[in-house]
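For reference, the structure is listed below as structure tokens.
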Amino acid sequence: MATKLTPKELAKNVERLTPGHRLCAGCGASIIVRQMLAAIDEPVVIANATGCLEVATTIYPYTAWRVPWIHNAFENAASTISGVEAAYRSMVRQGKIPEQNIKFLAFGGDGGTYDIGLQALSGAVERGHQFLYVCYDNGAYMNTGIQRSSATPLGAHTTTSPAGKVVPGKQQHRKDLTAIMAAHNIPYVAQAAPSKWRDLMEKTRKAVNCGGAAFMNVLSSCNRGWRHNTDETIEITQLAVDCCYWPLFEVENGEWRLSYTPKEKRPVEDWLKRQGRFRHLFRPENRYLIDVMQKEVDRRWEHLLRLCGAA
Amino acid sequence: MAQLKGWKEIPIGGMILEAGNAVEYLTGGWRAFRPVRGEAACTHCFQCWLFCPDSCILVDAENEKMLGFNLEHCKGCGICAAVCPVNAQVRRKAEQELDRDDPRLCIRIIEEGQAEE
Amino acid sequence: MSTFEALAGNEAVATAMRQIDPDVVAAYPITPQTSTVQKFADFVADGLVTTEFVTVESEHSAMSACVGASAAGARVMTATAANGLALMWEIVYIAASSRLPIVMSLVNRALSGPINIHCDHSDVMGMRDAGWIILFSENGQEAYDNLIQAVRIAEHPDVLLPVAVCQDGFITSHGMERVEIYDDADVKAFVGSYQPQWSLLDLQNPMTYGPLDFYDYYYEHKRQQVAAMEKAPEVILAVAAAFNRQFNRDYGMFESYRLGDAEVAVVVANSAAGTAKVVVDQLREEGLKVGLLKPRVFRPFPAQEMSAALRHVKAVAVMDRAISFGAMNNAGPLFLEIAAALALHGERMPIADYVFGLGGRDILPGEIESVYRDMFRAAESGRVEQMVTYLSVRE
């Protein structure tokens, strides 16, 4: 029987990610990994794209993983895990190894997923490998020092979209990767956040049991890049959810479903003002960008409500 | 740092065969702040366990008790205190804004090196 | 029982893949390799293999999936050419440094640009430092034989390195030839079953593959790769001996053709060696003592053995189907290795390089004959007239 999704029950299982990894204090990525892996009772085998999570958890000769884990390169976590899964399926079918109900997972940051790894991800899910790809989206190339990615929000200061005298941070909105993955018509796609841990865990369970390729986009605060205190990770993540910058939803066999409606939809400004990467937007000459962002958040939220039949 | 090994003494291909040996690498020295369990009654809700990025909340899982912090590895981020529902309740009841090291809190955050009491 | 069939090189390779029946094949079509994956797809569709055929969306993903599958303990193969290999590049290195015994059929084709689909060796020459064992094949038979041997070489516990088996694009890959196809059961028995020492699917012993390796250990892991390369010749020769016992075909690190008493020699790999043999026979009829050295194992490079085999000749011409731009005298890579090998082993005969056949340009017997005649002049004068000649390029 599946472990009940309560912290006390989950804590009875073996911790799959050990302490001693070298992610920054207050990192969102390891919270996501811990919550998701705790939700899966079955054995897991993991592929990891190059990125913070990968480098910080496996600095030779140390590994923080108590489960089988492979890192290949930056852009190919999806194709790597597709090879692992194909090997498993082949050898089980031939009777060379026993069926063990292994759940295959890949973790990649937004750089490795939205950008350089998008092709490999698209190919792997189209082929229908049974695996869950998890994008921990912190909205920039944090591992190499906070460069912009296509997941970076409009106006955010990064080291390649700096807020300068003429250009006020990133000039484009975030790519809607979750919708792109939903357009692949794979059995399960979801957007989640660790602040809503039970939702994240339930989605994880659905994803690994969907019988095909699954994708989850999970918001992962990076206090170094977002510029907030280390203890504010969860609170600021939830603000992104409550202002509908990061709505929680799932697309199960093509059916869009809203997972969470904020009691009161907060202005996006409430989320922005808590992060140093948006500080320059509050200067009079840049404030219009907050309005532009609010409009885009509203437009996407309304669109999502229509897709979910909740408009 | 462990004694460095020669090329004949390590597995080929960069493989690491001791799963989870990162526990031997102590990250507690990174800490500028330290979590301390305060006087307020811990309800053993395990919220801190759920959100710790470093798997550093020590629990007696069988008896469902929160025991304390793994200070060999804890990096002092303070998330445990931020997500603690008892802390939230204490803050709501308090007349004024409470400091992170207020003794009324269930988990309080103090500067590393500062005495706990 | 073996049969003789009229097969193109790619069909022979696909047939070897059917007989080997790897657990996983991940490949992407590219000219002139395409008919290999097409033929193999037929085998999959007709249930003639148990392979999981991963039809990836790029060569980068092909090699990435091969790495994942091989780390999972599967026997894994792929096939590619030129730009496809170039797109794999990053992972080609990772496959070798992760010590994964992946076997690749490489159909040699010119690298862009300008884009060209025909044969030369610019693709394989780029991977020569990547840590793979590299075998050349003169014809479809050798491509078939080498691929079968490659499995055992790669998976040998003292080696555990990926192996690339080359054949010339179109010339060999699409040229129909008589190929002896061995009995399925004999091939299966020869390659045996793969018993991986480590597997990502070993849940009882969870392992970490591909960690971040700093200056404290990266160098040690590289040194281990050297050790594997050092062991490889012994294994390659042992596998060749077993192959000879089973299938009655003799392979070594290279082939010496009428070289024993030769006064001048040509060194040339892959299909052009077949043409060169015809020229050798013709010149021998004239009473000219000419010989040929045909490299088979390019990595690890058998420098000492090649030097010994060439020691007695008075002049050596190396024929290169690639240019190492900007290298010494803009020579070809094979020349650079052989010139270095001869010099370091104390051989001081004249040696010249002849670049030929780039982008599929034909190499004609008459041209090879002119190379031999140049070498007789060099042998007589004790020096080459030109260190590097670009054969049959228009001025």
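The values are calculated or read from the model by the stated rules, or taken from the named source; none is laboratory data. Values in this document were obtained by computation on a predicted structure and should not be read as measured data. Reconstructed Cβ throughout: ideal geometry from the backbone, glycine too, with neighbour counts over all protein chains shown. For accessibility, only protein heavy atoms count, side chains too; no ligands or nucleic acids. Shrake-Rupley method; radii C 1.70, N 1.55, O 1.52, S 1.80 Å.
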Among the residues of the stretch B:56-79, write down those that are more than 9 Å from chain A (Cβ to nearest Cβ) and in a loop (DSSP other than H, G, I, E, B).
B:N63, B:L71
Return the total of residues in the stretch B:85-99 being open to solvent by less than 80 Å² (accessible area, probe 1.4 Å) and either β-branched (V, I, T) or part of a loop (DSSP other than H, G, I, E, B) (or both).
4
Need a quick list: strands (runs of 3 or more DSSP E) entirely within the stretch C:272-378 having at least 1 residues that are touching a Ser or Thr at 6+ places or on another chain (Cβ under 7 Å) and crowded, with 21+ Cβ neighbours inside 10 Å.
C:290-295, C:351-355
Strands (runs of 3 or more DSSP E) wholly in the stretch A:154-273 with at least 3 residues that are over 15 Å from the mean Cα position of the chain (by Cα) - which ones?
A:255-258
From the list B:L67, B:L58, B:L50, B:L26, exactly one residue is over 30 Å from C:V92 (Cβ atoms) and crowded, with 20+ Cβ neighbours inside 10 Å. Which is it?
B:L50
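Table: residues versus (1) more than 10 Å from chain C (Cβ to nearest Cβ); (2) open to solvent by 20 Å² or more (accessible area, probe 1.4 Å); (3) of a type in the set (G, A, S); (4) part of a loop (DSSP other than H, G, I, E, B).
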residue	(1), (2), (3), (4)
A:F74	no, yes, no, yes
A:A87	no, no, yes, no
A:I97	no, yes, no, yes
A:Y133	yes, no, no, no
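Conditions (1) in a helix (DSSP H, G or I); (2) in contact with a helix residue (DSSP H, G or I) (Cβ under 7 Å, 6 or more places away or on another chain); (3) open to solvent by less than 30 Å² (accessible area, probe 1.4 Å), marked per residue:
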residue	(1), (2), (3)
C:V44	yes, no, no
C:P101	no, yes, yes
C:I117	no, no, no
C:I134	no, yes, yes
If you go through the stretch A:24-59 one residue at a time, how many are more than 18 Å from B:P53 (Cα to Cα), within 7 Å of another protein chain (Cβ to nearest Cβ) and open to solvent by 10 Å² or more (accessible area, probe 1.4 Å)?
1
Going through the stretch C:171-180 one residue at a time, which ones are open to solvent by 10 Å² or more (accessible area, probe 1.4 Å) and either part of a strand (DSSP E or B) or within 21 Å of C:M77 (Cα to Cα) (or both)?
C:H174, C:M176, C:E177, C:R178, C:E180
State yes or no: is B:N87 at the interface with another protein chain (Cβ under 7 Å from one of its Cβ atoms) and over 12 Å from the mean Cα position of the chain (by Cα)?
no
Of the numbered conditions (1) in contact with a strand residue (DSSP E or B) (Cβ under 6 Å, 6 or more places away or on another chain); (2) within 7 Å of another protein chain (Cβ to nearest Cβ); (3) small (G, A, S); (4) buried (at least 24 other Cβ atoms within 10 Å of the Cβ), A:A11 satisfies every one except a single condition; which is it?
(4)
Out of C:E255, C:E263, which single residue is touching a Phe, Trp or Tyr at 6+ places or on another chain (Cβ under 9 Å), acidic (D, E) and open to solvent by 10 Å² or more (accessible area, probe 1.4 Å)?
C:E263
From the set of residues in the stretch C:52-83 that are more than 21 Å from A:Q119 (Cβ to Cβ) and touching an Asp or Glu at 6+ places or on another chain (Cβ under 6 Å), which is surrounded by the most Cβ atoms within 10 Å (Cβ to Cβ)?
C:A74
May I ask you to verify whether A:T6 is touching a residue at least 40 places away in the same chain (Cβ under 8 Å), open to solvent by 20 Å² or more (accessible area, probe 1.4 Å), out of contact with any His (no Cβ under 6 Å at 6 or more places or on another chain) and more than 7 Å from every other protein chain (Cβ to nearest Cβ)?
no
Filter the stretch C:200-224 down to residues that are within 28 Å of the chain's Cα centre (by Cα) and more than 7 Å from every other protein chain (Cβ to nearest Cβ) and give me whichever is least open to solvent (accessible area, probe 1.4 Å).
C:K222
Go through (1) closer than 28 Å to C:Y209 by Cβ; (2) part of a helix (DSSP H, G or I); (3) of a type in the set (A, V, I, L, M) for B:A82 and report which single condition fails.
(1)
If you take the residues in the stretch B:1-23 that are open to solvent by 50 Å² or more (accessible area, probe 1.4 Å) and over 25 Å from the mean Cα position of the chain (by Cα), which one is farthest from the other protein chains (Cβ to nearest Cβ)?
B:Q3
Residue identified as within 23 Å of C:Q246 (Cβ to Cβ) and within 11 Å of another protein chain (Cβ to nearest Cβ) among C:R75, C:R152, C:R99:
C:R75
Being of a type outside the set (G, A, S) and under 23 Å from the mean Cα position of the chain (by Cα) is true for just one of C:L283, C:L344, C:L310. Which residue is that?
C:L310
Only one residue in C:S97, C:S105 is modelled with pLDDT of 95 or more and buried (at least 24 other Cβ atoms within 10 Å of the Cβ), so which one is that?
C:S105
If I go through the stretch B:38-55 residue by residue, how many of them are facing chain A (nearest Cβ under 8 Å), farther than 12 Å from A:A25 by Cα, in contact (Cβ under 8 Å) with a residue 24 or more places away in the chain and part of a loop (DSSP other than H, G, I, E, B)?
1
Tally up the residues in the stretch A:274-294 that are more than 24 Å from the chain's Cα centre (by Cα) and either without any contact (Cβ under 8 Å) to a residue 40 or more places away in the chain or open to solvent by 20 Å² or more (accessible area, probe 1.4 Å) (or both), please.
9
Considering each residue of the stretch C:66-99, count those that are within 16 Å of C:I30 (Cβ to Cβ) and outside any strand (DSSP E or B), and give that number.
12
Is it the case that A:G128 is out of contact with any Asp or Glu (no Cβ under 8 Å at 6 or more places or on another chain), within 19 Å of A:A47 (Cβ to Cβ) and assigned to a loop (DSSP other than H, G, I, E, B)?
yes
Please indicate, with yes or no, whether at least one residue in the stretch C:162-170 is touching a strand residue (DSSP E or B) at 6+ places or on another chain (Cβ under 8 Å), within 12 Å of another protein chain (Cβ to nearest Cβ) and either under 22 Å from C:I133 (Cβ atoms) or open to solvent by less than 50 Å² (accessible area, probe 1.4 Å) (or both).
yes
Among (1) open to solvent by less than 40 Å² (accessible area, probe 1.4 Å); (2) not in a strand (DSSP E or B), there is one condition B:P35 misses while meeting the rest; what is its number?
(2)
Options A:S122, A:S150, A:S161; residue that is surrounded by fewer than 24 Cβ atoms within 10 Å (Cβ to Cβ) and touching a residue at least 60 places away in the same chain (Cβ under 8 Å):
A:S122
